[in-house]
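One structure is given here, and the rest of the page talks about it.
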Amino acid sequence: MVASAPAVVNARKFTRTPAGRVYDNGLTLRKGIPVTAAWQKRYFPKGHYHFPYYQQNYIRGQCFISPFGFYFGVCVPYIGIADCRIFPPAVVFIDLPVYDGVQCTGFSDADDDNLFNDPTLNDEQPGLLNAIDNLTEAFQGGNIDGLVTLIDPNTSIAIYQTGKYQYSLPANDYIDLARDAIQSTHTVQFSLTYLHQRGPGVFSVAGKHTYNDQNGHLQTTWVSFVLQDISGQWTLTQAGTSPGRKQHI
């Protein structure tokens, strides 16, 4: 392993405080908020949520589609703009979805090699497969600590929807939104099958999240993440979702 290679990070340790979890990397996550409004009960069956700025209805100039808004009927569709910032990354590394009409068929690979087929990947990029496993552990296994290991509290997460940049979120906001989405989503399978190098120390990984909606119907949201070597750690910097089938929220 070369000296500059990212390390394999085990689960972050955290301390419970009156305000929420405080992790050993400085990330602070909010304490759960009890459900009070009738409309919230549809989205938060466990009776609490963490991100405080949800909006049920779209109001122009006051909200954006949530990073998990394409989980139709399962996650709250909109979030307030208070903590959102428009800082488009200089380079787009996220995977671009391909649609046949309204149906997503996967991602464009630009003829790049899928590095999941590279038997030397673990030697050449130490810790990368472990980082990808942490994404699966979070969204398939329901363990938010898997996602926390990939977060730099000082690095914003660029949010993409159907391959287009929308806004950037503070790391703690993205994690709290992810916690709520994971709790609300009845996951059938979270499968990452695309892995491409986008630049030195920059990789995109993508696949699909299959889940049951509130009516028990099988739905799919395509997901893409960018993992970047920042100061020797694999760090999540961009996250994208694309609906399996385009429809109105």
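The values are calculated or read from the model by the stated rules, or taken from the named source; none is laboratory data. Just so you know, these numbers come straight off a predicted model, no measurement behind them. In this analysis, Cβ positions are derived from the backbone assuming ideal geometry, glycine residues included, and neighbour counts consider all displayed protein chains. Surface accessibility is based on the protein's heavy atoms, side chains included, excluding ligands, DNA and RNA. Shrake-Rupley method; radii C 1.70, N 1.55, O 1.52, S 1.80 Å.
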Being touching a residue at least 60 places away in the same chain (Cβ under 8 Å) and closer than 19 Å to residue 28 by Cα narrows 127, 146, 142 down to just 146
I'd like the residue in segment 192-214 that is touching a residue at least 24 places away in the same chain (Cβ under 8 Å), open to solvent by 10 Å² or more (accessible area, probe 1.4 Å) and of a type in the set (S, T, N, Q) and, out of all such residues, is farthest from residue 129 (Cα to Cα). 214
Here, strands (runs of 3 or more DSSP E) confined to segment 8-124 with at least 1 residues that are surrounded by 17 or more Cβ atoms within 10 Å (Cβ to Cβ), in contact with a strand residue (DSSP E or B) (Cβ under 9 Å, 6 or more places away or on another chain) and modelled with pLDDT of 90 or more are 28-30, 63-65, 78-80, 97-100, 103-107
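One line per residue, one yes/no per condition, for (1) more than 18 Å from residue 95 (Cα to Cα); (2) open to solvent by 10 Å² or more (accessible area, probe 1.4 Å); (3) small (Gly, Ala, Ser):
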| site | (1), (2), (3) |
| --- | --- |
| 165 | no, yes, no |
| 171 | yes, no, yes |
| 180 | yes, no, no |
| 247 | yes, yes, no |
Between residues in segment 173-186 that are under 16 Å from residue 84 (Cβ atoms) and in contact (Cβ under 8 Å) with a residue 40 or more places away in the chain and residues that are part of a helix (DSSP H, G or I) and β-branched (Val, Ile, Thr), which pairs lie under 7 Å by C-beta distance while being six or more apart or on different chains? 175/144; 175/148; 178/144
Looking at (1) surrounded by fewer than 18 Cβ atoms within 10 Å (Cβ to Cβ); (2) touching a helix residue (DSSP H, G or I) at 6+ places or on another chain (Cβ under 9 Å), which is the one condition that is false for residue 189? (2)
Return the residues of segment 128-162 that are open to solvent by 20 Å² or more (accessible area, probe 1.4 Å) and not polar (S, T, N, Q); say none if nothing qualifies. 129, 133, 137, 141, 142, 145, 152, 153
